[in-house]
Amino acid sequence: MGEVLVITSGKGGTGKTTLCAGLASCLAAMGQRVLAIDCDIGLSNLDISLGLSDRATISFLDVMMENQALSDAPEHPVIPGLQMLTAPTKTRAGLVDDVIFGRLIEEAAEAYDWVLLDAPAGIGYGFDLATMYAQRAILVATADPGSLRDAQQTSALLAEKGIDPIHLVVNRVTRRLLGSVRANVDDMMDQVGLPLLGLIPEDPVVPAAAARSSALVLRSRKGAAMACLRIARRLMGLDAPLMRMRY
């Protein structure tokens, strides 16, 4: 059985979709079979970060309704073993049958090494659906105090759902920002109450890759791309240095 991992955040703007795409790409590049599922019903954009905007034509609802087979999920043209299901855009979140969605996740876990669920921002039905069947979670925050407070509250909700382990990833990190909020890595871990899985630096390649609808790891081998690779290696239980940034 594969791992079912949800990537979520307390609110929008943390870069969790970019992280989901980066991890999916890195895991597949290391020989893993990966299915990425966009769970942001009505506002799907994971395909852009993955570089699949011209191929992502099958939604998870199509598979749930048996209009398409799971094996029909579009595969990345450059990164073998990486497939995705987009979110449906013409239905409301509350109309998605969570029991049938659970059967889809179970089927996917049998067919792939990793099932990555890109949860919608904020707390609501979409968040509940994306986290309902996850075994483990990554909570994405930025270093500013508001984002860390939201992450702390979201962490409690994930724990109530029985998800374990839950790890923190701090995204868009700059030394200047850490200095301006008088924070360091240990402070952020203490505030959220989660172990740190990785730090991702602010990187101009990230928006540039998204603008070209290209996977980040195909555009760079340093900065945010390297951070995603390190996080992916740690998810697989492999040694990888943790980037440390202090003000």
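Computed values, structure above
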read-out	value
Filter result for residue 168 (farther than 14 Å from residue 22 by Cα, among the hydrophobic types (A, V, I, L, M, F, W, C) and touching a Gly at 6+ places or on another chain (Cβ under 9 Å))	yes
Segment 207-227 residues that are at positive phi, paired with ones that are assigned to a helix (DSSP H, G or I) and surrounded by 13 or more Cβ atoms within 10 Å (Cβ to Cβ) (beta carbon under 7 Å, 6 or more apart)	213/48; 223/205
Condition met for residue 226 (modelled with pLDDT of 90 or more and open to solvent by 20 Å² or more (accessible area, probe 1.4 Å))	yes
Positions within segment 6-55 being under 24 Å from residue 142 (Cα atoms), surrounded by fewer than 24 Cβ atoms within 10 Å (Cβ to Cβ) and among the hydrophobic types (A, V, I, L, M, F, W, C), in sequence order	43, 48
Among the residues listed as 43, 52, 19, 95, the single one being out of contact with any helix residue (DSSP H, G or I) (no Cβ under 6 Å at 6 or more places or on another chain) and free of Cβ contacts under 8 Å to residues at least 24 places away in the same chain	95
Extreme residue, nearest to residue 144 (Cα to Cα), among residues of segment 180-221 that are polar (S, T, N, Q) and exposed (fewer than 15 other Cβ atoms within 10 Å of the Cβ)	180
Those residues of segment 99-122 which are part of a loop (DSSP other than H, G, I, E, B), surrounded by 20 or more Cβ atoms within 10 Å (Cβ to Cβ) and not aliphatic (A, V, I, L, M), in sequence order	112, 120
Per-region count, segment 68-93, residues surrounded by fewer than 18 Cβ atoms within 10 Å (Cβ to Cβ) and within 12 Å of residue 41 (Cβ to Cβ)	4
Flag if residue 16 is basic (Lys, Arg) and either under 16 Å from the mean Cα position of the chain (by Cα) or within 30 Å of residue 200 (Cα to Cα) (or both)	yes
Residue match in segment 69-84 (condition: closer than 21 Å to residue 12 by Cβ and at pLDDT 95 or above)	yes
Among the residues listed as 96, 140, the single one being under 21 Å from residue 43 (Cβ atoms), surrounded by 15 or more Cβ atoms within 10 Å (Cβ to Cβ), modelled with pLDDT of 95 or more and of a type in the set (Val, Ile, Thr)	140
Single condition residue 159 does not satisfy, out of (1) at negative phi; (2) in contact (Cβ under 8 Å) with a residue 12 or more places away in the chain; (3) not hydroxyl-bearing (Ser, Thr, Tyr)	(2)
Sole residue being among the basic types (Lys, Arg) and within 18 Å of the chain's Cα centre (by Cα), chosen from 11, 90	11
Segment 165-179 - residue that is open to solvent by 40 Å² or more (accessible area, probe 1.4 Å) and at pLDDT below 95 and, of those, nearest to the chain's Cα centre (by Cα)	172
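The values are calculated or read from the model by the stated rules, or taken from the named source; none is laboratory data. Worth saying up front: this structure is predicted, and the values here are computed from it rather than measured. A quick note on method: Cβ atoms are made from the backbone with ideal geometry, for glycine too, and the neighbour counts reach across all protein chains shown. Just so you know, the surface numbers come from the protein's heavy atoms only, side chains and all, with ligands and any DNA or RNA stripped out. Shrake-Rupley method; radii C 1.70, N 1.55, O 1.52, S 1.80 Å.
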